[in-house]
Amino acid sequence: MLLSHIRLKNWRNFQVLDVPLRHVTYVLGPNASGKSNLLDALRFLRDVSKRQGGGLQAAIVDRGGISKVRCLHARRDPEVEIDIELSRELDQEVPSWRYVLAFRSEGKGAQRLLVSREQVWCDGELILDRPNDTDKKDTLLLTQTYLEQIQTNQGFRELAEFLSDITYLHLVPQLLRFGERIGGNRLTDDPFGQGFLERLAQTTEKTRNARLRKIGTALTLAVPQFAELRFEKDDMGHPHLQARYQHHRPQAGWQSEEHFSDGTLRLFGLLWMLLEGGNSMLLLEEPEISLNDAIVAQIPLIIERLQRGQKYKRQVLLTTHSEALLSNPGIDERSVVLLETGNQGTTGRVVNADERQALRAGLSVAEVVLPKTRPTAVTQLGLWE
């Protein structure tokens, strides 16, 4: 199952967005164009549908209220809408599932947030259409979606479970290194990796060791002097990653994650999440950060090869500014989404006919599409005083 299409109305930067998605989709755009906001639309659906602590009201509150998610260009239309399609195969004519969620404030002032439309299609047949007669008799029911309630989503549980399993990762090395010392209230679903080592600890030993061996092999190719990787627990039961490096002292000890470089930790996180696989979607925010360009250039190939042979390919949606990453010749022209800013907010599109012709002539996405994300006056920045 993969999320094959997304449409947004009045969501953050986007007054209107309508783009297809592939097994791997690369989202490009200028700074502040809404790349993170596009990912957040899918995180929002995950937060609505998740089994514990989820729901429409909580998802909106976590984002600061509807005024924070509604597009500033909305003006006369206060309704926010997210519309997605899920398919079992790429380029499927009729999607297996389609889900539409629209919501708005009840009125002016501190009013309730209500579902204004919730629809589900299964193989082209409409199986849920709200508000229904029951909703009209009791509008309190419209404060919740059917998606978030196990007693009402039986007919589309597969859709609900797919959305609740969406994973977002933007690993912050300092949080992974010092998560225990930092303490405090960890963000729901740990998007920045503060509890990433606990994720490893919860994996069965056999699976964990197999993944660590595979990642260790990759790190020997990417990190100078790297030799071996292992997982350990300290006397207090806290999980740790340890690495051994080739050293002029043959008996040099192992180093814990506190001493790993930022790039090593971020590469480890990326590889681990790709190896987790499963029939779920992975959202990645600028995976190139802290990595050498030579490594970054291999990310598209890494994503493809690590999932080769797996029963389910993990769908990946990633944002990037990286010329090195987008120079990889293996990137499918259909997998690129370009965000463009304007006076009425941000729009998105796939490559056009001229760009497609240039790509098929042998040029890379970095050469054809990436330059269109650069500020027109950026060369003047170096002259700024």
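Observations
- Yes/no for THR320 being surrounded by fewer than 18 Cβ atoms within 10 Å (Cβ to Cβ) and either outside the structural domain of CYS71 (by TED's automatic domain parsing) or modelled with pLDDT under 95 (or both): no
- Residue check for ILE127: of a type in the set (Val, Ile, Thr), at pLDDT 95 or above, under 26 Å from LEU318 (Cα atoms) and assigned by TED's automatic domain parsing to the domain that holds VAL16: no
- Criterion violated by GLU367 - all others in (1) under 30 Å from ILE215 (Cα atoms); (2) part of a helix (DSSP H, G or I); (3) among the acidic types (Asp, Glu) satisfied: (1)
- Selection of helices (runs of 4 or more DSSP H) fully inside the stretch 169-249 by the criterion of at least 3 residues being out of contact with any Pro (no Cβ under 9 Å at 6 or more places or on another chain), modelled with pLDDT of 85 or more and under 14 Å from THR264 (Cα atoms) returns 205-222.
Results for (1) under 22 Å from ASP18 (Cβ atoms); (2) in contact with a Phe, Trp or Tyr (Cβ under 9 Å, 6 or more places away or on another chain), shown as yes or no for each residue.
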residue	(1), (2)
ILE299	no, no
ARG305	no, no
LEU318	yes, yes
LEU326	no, yes
GLY330	no, no
GLY345	yes, yes
SER364	no, no
LYS372	yes, no
GLY382	no, no
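- Exactly one residue out of LEU265, LEU200, LEU291 is surrounded by 15 or more Cβ atoms within 10 Å (Cβ to Cβ), of a type in the set (A, V, I, L, M) and free of Cβ contacts under 8 Å to residues at least 40 places away in the same chain: that is LEU291.
- Any hit, the stretch 341-364, residues being closer than 25 Å to THR167 by Cα and of a type in the set (A, V, I, L, M, F, W, C): yes
- Exactly one residue out of THR341, THR376 is assigned to a strand (DSSP E or B), more than 16 Å from LEU301 (Cα to Cα) and out of contact with any Asp or Glu (no Cβ under 8 Å at 6 or more places or on another chain), and it is THR341.
- The helices (runs of 4 or more DSSP H) falling completely within the stretch 253-313 that include 2 or more residues that are of a type in the set (Phe, Trp, Tyr) map to 262-276.
- Scanning the stretch 94-123 for residues that are in contact with a strand residue (DSSP E or B) (Cβ under 9 Å, 6 or more places away or on another chain), assigned to a loop (DSSP other than H, G, I, E, B) and surrounded by fewer than 18 Cβ atoms within 10 Å (Cβ to Cβ) yields VAL94, GLU106, GLN111, ARG112, ASP123.
- Filter pass, LEU270 being buried (at least 16 other Cβ atoms within 10 Å of the Cβ), over 26 Å from GLU85 (Cβ atoms) and of a type outside the set (Val, Ile, Thr): yes
- So ASP77, is it on the phi > 0 side of the Ramachandran plot, surrounded by fewer than 18 Cβ atoms within 10 Å (Cβ to Cβ) and either among the aliphatic types (A, V, I, L, M) or not in a helix (DSSP H, G or I) (or both): no
The values are calculated or read from the model by the stated rules, or taken from the named source; none is laboratory data. All of these numbers come straight from a predicted model, not from anything done at the bench. Cβ atoms come from the backbone with ideal geometry, glycine included; neighbour counts cover every protein chain shown.
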